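The values are calculated or read from the model by the stated rules, or taken from the named source; none is laboratory data. Owing to the predicted nature of the structure, the values given are computational and were not obtained by experimental measurement. No Cβ is skipped: glycine too gets one built from the backbone with ideal geometry, and neighbour counts run over all protein chains shown.
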Amino acid sequence: MKNNKYIFFSIFLSCIAISSSAQDLDKIGKKDMVKISGGLNYSSIFYNANGIQNRRQPFTYFLNGNITANFIGITLPFTFNYSNNQVNYSQPYNIQSFNPTYKWAKGYAGITSMNFSQYTMANHIFAGAGVELSPKNFKFAALYGRFKKATEYDFQNRSDINMTYKRMGWGASAAYEKSGQSIKLIYFSAKDDARSLSFVPINTNVTPMENTVVSLAGKTTLYKQITVEGEYALSGLTRNSSSPTDVNVPPRNQLPLIFSPNATSQFFAAYKASLGYRLKLFGVNLNYERVAPDYKTLGAYYFNNDLENFTIAPSLTLLKGKLNLNVNTGLQRNNLNNDKLNTTSRWVGSTNINFAPNKQWNITSSFSNFSSYTKQKPQNDPFYRNTLDTLNFYQLSQSSMLSIAYNFGTIKTKQNLMFTGNYQVTGQNQGAIANPGLFGTTTDIKLPSKIINSNFGHNLMFTNTKTSITTAININNSLLKDFNILYYGPNLNLSQGFINNKLKLSVGTSYNQILTNKIKTNEVFNHRVSANYAPKLNNEKIGKFNFTLSATYLQKLKSVTNAISFNEFTGNLGLNYNF
C-alpha cells in the first residue's frame, strides 16, 4: 500500500513539473499570451418617502472596478469597491491552485479538486497534485494529496467537535471511449494518520478511518437504437483503523489485495443502470439506481444513501415535429434492509407538451406531481399498545401550467398575444391514514392550499420607428385555510428607440388591487421611467460604454384596513465602462 502511494506521488511530481511551466504552452510567444480585461461601474440611488419613514438612505452611491489578467491560462482577477466612504480592495481568487494545460494534458497543483464519479471521488477538495491525460480515445487521471489536516482537541472548551486526523488520499482512473462505446475503471483510497494528533480523549467518537473504493462504469450502443449505460461501485470503510485485530472477527474481505479490514470495517455497494431506446419519432429511457444503507466514501462530502430509484422517461414526436410530448416519472423508496422505524416512498412525475402548428402559434403545457408517504413501523410488544400507526404522514404537491402565444401582423407592424396560467395545489395529512398510492389526490389531504395565477398581454411593435406598446392584466388568487386573497391589476408600458436604437426610452405604469376575503385591503399605483444609452465607439478595442437612468414612483392609497397612504420615489443612475 505504501509503495503504491509513493509511485502515485512520483508520477504526479513528474507530470506537474513538465506542465506547470505554463497554463497553456501553445500560447507562448503569441499575441494572446497575455490578456487584460475589466471594467469600471458607478451607480447611485436617490430615495425619498412621503407619509412614512424612509425605508432606506436618501442617497447611496457605489463605485466598483475590476481588472482581470490572464497569462497563458493563469487568471488573476482583482476588484475595487467604494461606497459611502468605505473602501474595500480584494483579490477574490488567491492563487491556491495551478492548472497547467498542454494539448491533451492537464495538471492540478495546490489546493484543488477533481472528479472521478459520484460514488468514488466526487469533487472533494485536497491539497496536493493531480493530472488528466486524454490522448485520442483514452483518458487517464490520477491524484495524491491531503484531504484533511490535523486539528487538535479543543482544551479550552473541552470539545472534540472540530477535532480531525490528518487524512491522505490517492486514486486513479482509466477510460477508453470510441463511437459511443466506453469503459472506465476507478480506484480511490484514503487513510487517516492515527499519530497525527498529540492528544485523543478516551470518550471521543472521533476515530481514524480508512477507505478504499473501486468502480467500473461503461456504456454501449446496440443496433444503433438501444443504449445501455451503468456503473457499479464497491466501498470498503474502516471506521476505526486503530481497533485491535483480535477483538472480533473482521467481515469477509470483498476487496482483497487492496484493502485490509478489521472488526470495524464494512462494505457497501452502489450501482445504477440506464436503458434507452430511440427511434425517429419515439424514445424512452429506463433508469435504476440503488445505494446501500450507510454507503460512504472519503472522497465525497455527503451521500444520499439507503435509497432505490426507478424512473422512466418516454418522449414522442408527431406531426412532423410540430407536436412534442415528454414524460418523466419515478418512484423512490428507502429502508432497503427493513430495519428502520420509518419507511418513506415518494413519487415524482412531470409531463411537458409543446405544440407549434405554424410560425404564428405556440402552445406549451406541463403538469408535475410530488407525493410522499411515510409509514411508521409498529413495535412487536404484546404488553405495549402501539400508537405509531397514527403518525403516518402524507404530503402532496401538484402544479400545472398552460401557455399560449399568437404572433401576427406585418413586417412594419408586429403584434403578439400571450396568455399564461398556473394552478398549484399543496397539502398534507397526518394520522391513522392508509397509503393513498402512487398518484394520490387532494381527497387524501386536509385543507389543501390552492394558488391560481394568470397573465394576459398584448404587444404592438412598429419596426420602422422602434416603438413598442405593451398592455397586460394579471390575476393571482390564493385560497388558503382561512383566507381568500385576490390580487389583480392592469399594466401599460411604452418604449421608443432613438439614434439607430442606441438610446432606448421606456415609460410604464401599473395598478394593483388586493382583496382579502372580498374586502379591499391594498391599492397601489407604480409608475416607471427609464433610459438606456449605449454609444458605439469608432474603435471597439477601447471598450464599451453604457449609461442608464431610471425612476420609480409608488403610490399606496388608503383602504378599509389601512388608513395610511404614502408615496415613494426611487431613482437610479448608472455609468458602466468595460474593456
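Considering only residues that are assigned to a strand (DSSP E or B) and of a type outside the set (S, T, N, Q), which ones fall in segment 184-208? Hits for segment 184-208 are 184, 185, 186, 187, 188, 190, 191, 192, 193.
Candidates 241, 173: the one that is of a type outside the set (A, V, I, L, M, F, W, C), at pLDDT 95 or above and surrounded by 11 or more Cβ atoms within 10 Å (Cβ to Cβ) is 173.
With the requirement that a residue be in a loop (DSSP other than H, G, I, E, B) and of a type in the set (S, T, N, Q), what does segment 539-579 give you? Outline the logic, then answer.
We begin by selecting, within segment 539-579, every residue in a loop (DSSP other than H, G, I, E, B); these are 539, 543, 557-565, 579.
Within segment 539-579, 539, 559, 561, 562, 565 qualify.
In segment 139-159 there is at least one residue that is closer than 25 Å to residue 261 by Cβ, buried (at least 21 other Cβ atoms within 10 Å of the Cβ), touching a residue at least 12 places away in the same chain (Cβ under 8 Å) and hydroxyl-bearing (Ser, Thr, Tyr).
Across segment 179-213, what is the total count of residues that are among the β-branched types (Val, Ile, Thr), over 26 Å from residue 263 (Cβ atoms) and loosely packed, with under 15 Cβ neighbours inside 10 Å? So that I can check it myself, show each step before the final result.
Within segment 179-213, the subset among the β-branched types (Val, Ile, Thr) is 183, 186, 200, 202, 204, 206-207, 212-213.
Pick out the ones that are also over 26 Å from residue 263 (Cβ atoms) and you get 183, 186.
When the remaining residues are screened for being loosely packed, with under 15 Cβ neighbours inside 10 Å, the result is 183.
Qualifying residue count, segment 179-213: 1.
Checking the structure you have, find out if any residue of segment 214-225 is free of Cβ contacts under 8 Å to residues at least 60 places away in the same chain, surrounded by 14 or more Cβ atoms within 10 Å (Cβ to Cβ) and closer than 30 Å to residue 153 by Cβ. Within segment 214-225 (the criterion being free of Cβ contacts under 8 Å to residues at least 60 places away in the same chain, surrounded by 14 or more Cβ atoms within 10 Å (Cβ to Cβ) and closer than 30 Å to residue 153 by Cβ), the answer is no, since none of the residues qualifies. Selection over segment 312-331 of residues that are out of contact with any Phe, Trp or Tyr (no Cβ under 8 Å at 6 or more places or on another chain) and closer than 21 Å to residue 370 by Cβ gives a count of 6. Residues in segment 508-538 that are part of a strand (DSSP E or B) and either hydroxyl-bearing (Ser, Thr, Tyr) or over 36 Å from the mean Cα position of the chain (by Cα) (or both): 13 in all. For segment 497-525, taking the residues that are closer than 30 Å to residue 462 by Cα and among the charged types (D, E, K, R), the one that is surrounded by the fewest Cβ atoms within 10 Å (Cβ to Cβ) is identified as 502.
Just one of the numbered conditions (1) under 22 Å from residue 372 (Cβ atoms); (2) at pLDDT 95 or above is not true of residue 269: (1).
Filtering segment 273-328 down to residues that are assigned to a loop (DSSP other than H, G, I, E, B) and of a type in the set (S, T, N, Q), which residue is modelled with the highest pLDDT? I'd like the intermediate steps shown before the answer.
Step one: of segment 273-328, the residues assigned to a loop (DSSP other than H, G, I, E, B) are 279-281, 292-306, 319-322.
In the following step, the residues that additionally are of a type in the set (S, T, N, Q) were identified as 297, 304-305.
Details: 297: 95, 304: 86, 305: 90.
Among those that are assigned to a loop (DSSP other than H, G, I, E, B) and of a type in the set (S, T, N, Q), it is 297.
Could you tell me whether residue 260 is on the phi < 0 side of the Ramachandran plot and surrounded by 19 or more Cβ atoms within 10 Å (Cβ to Cβ)? So residue 260 does not fit the description; no. In a residue-by-residue description of segment 122-129, the property of being loosely packed, with under 14 Cβ neighbours inside 10 Å and over 30 Å from the mean Cα position of the chain (by Cα) applies to no position. Out of curiosity, is residue 166 surrounded by fewer than 19 Cβ atoms within 10 Å (Cβ to Cβ) and in contact with a Lys or Arg (Cβ under 8 Å, 6 or more places away or on another chain)? Yes: the conditions hold for residue 166.
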